[in-house]
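Data first, discussion second: the structure below is written as structure tokens.
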Amino acid sequence: MAKVLVVYHSKTGNTEKMAQLVADGAEAAGADVKLRTPDDTTLEDLQEADAILLGSPTYYGHSAAAMRALLERSVRLHGKLEGKVGGAFSSSHNIGGGNETTVLDLIHALLIHGMIVQGFADGDHYGPVSIGAPDERVSEQARRFGEKNARLAAKLTGS
Ligand SMILES: Cc1cc2nc3c(=O)[nH]c(=O)nc-3n(C[C@H](O)[C@H](O)[C@H](O)COP(=O)(O)O)c2cc1C
């Protein structure tokens, strides 16, 4: 059973709803899922996970400071997260408001950790993005994202 860690920051609940859908998708694929906020995430949580999926609201085209703080803490694990599965998702207020740059901002950090990031040939290519709270389309994307990343982690770990 793959271990999937979903870490989200959310001030008004939109990214939290996405995170729950991502977790539901990963669970449906048979993963052992932990849902955490950045402040509650320990370095052990990061090290134990086979897949780490990060969700943040879009703040000026980037991730929230709380998520940056976790990434900065994670430098203590530099090199130890290599080969794990990674992915990201974001909620913004506007179409064209920077949600994809936020996802890519998070993916950059995951790649620097040496993680494996899966793109999506259809739907949201970089990771699920939502305008405000997830609607039906985003809910489907978020569940599928959780499911596909959980399956990839299971395949890579042979679990
Ligand atoms: C400090 C701050 C900066 C923001 N910057 C943007 C932005 O650049 N583009 C945008 O579309 N929305 C922006 N928003 C809106 C949030 O991304 C949006 O409301 C999001 O759905 C909030 O997610 P949450 O409910 O998980 O906190 C900003 C909100 C805050 C508080």
Per the list (1) in contact with a Pro (Cβ under 7 Å, 6 or more places away or on another chain); (2) open to solvent by 20 Å² or more (accessible area, probe 1.4 Å); (3) aromatic (Phe, Trp, Tyr), residue check on residue 126 breaks on (1)
For region 31-54, give me each residue that is open to solvent by 60 Å² or more (accessible area, probe 1.4 Å), more than 13 Å from the chain's Cα centre (by Cα) and over 16 Å from residue 115 (Cα atoms). 32, 39, 40, 44
Could you identify the single residue in 80, 17, 11 that is part of a loop (DSSP other than H, G, I, E, B), within 16 Å of the ligand (Cβ to nearest atom) and open to solvent by 30 Å² or more (accessible area, probe 1.4 Å)? 11
Run down 39, 50, 45 and say which single residue is at pLDDT 95 or above, more than 12 Å from the ligand (Cβ to nearest atom) and over 21 Å from residue 156 (Cβ atoms). 39
Would region 55-76 turn up any residue that is away from the ligand (no atom under 15 Å from the Cβ), under 13 Å from the mean Cα position of the chain (by Cα), more than 18 Å from residue 127 (Cβ to Cβ) and not small (Gly, Ala, Ser)? no
For residue 106, which of the numbered conditions (1) of a type in the set (A, V, I, L, M, F, W, C); (2) more than 14 Å from residue 7 (Cα to Cα); (3) open to solvent by less than 10 Å² (accessible area, probe 1.4 Å) fails to hold? (2)
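The values are calculated or read from the model by the stated rules, or taken from the named source; none is laboratory data. These numbers come from a predicted model, not from an experiment. Don't worry about glycine lacking a Cβ; one is built from the backbone with ideal geometry, like all the others, and counts go over all protein chains shown. Only protein heavy atoms, including side chains, enter the accessible area calculation; ligands, DNA and RNA are left aside. Shrake-Rupley method; radii C 1.70, N 1.55, O 1.52, S 1.80 Å.
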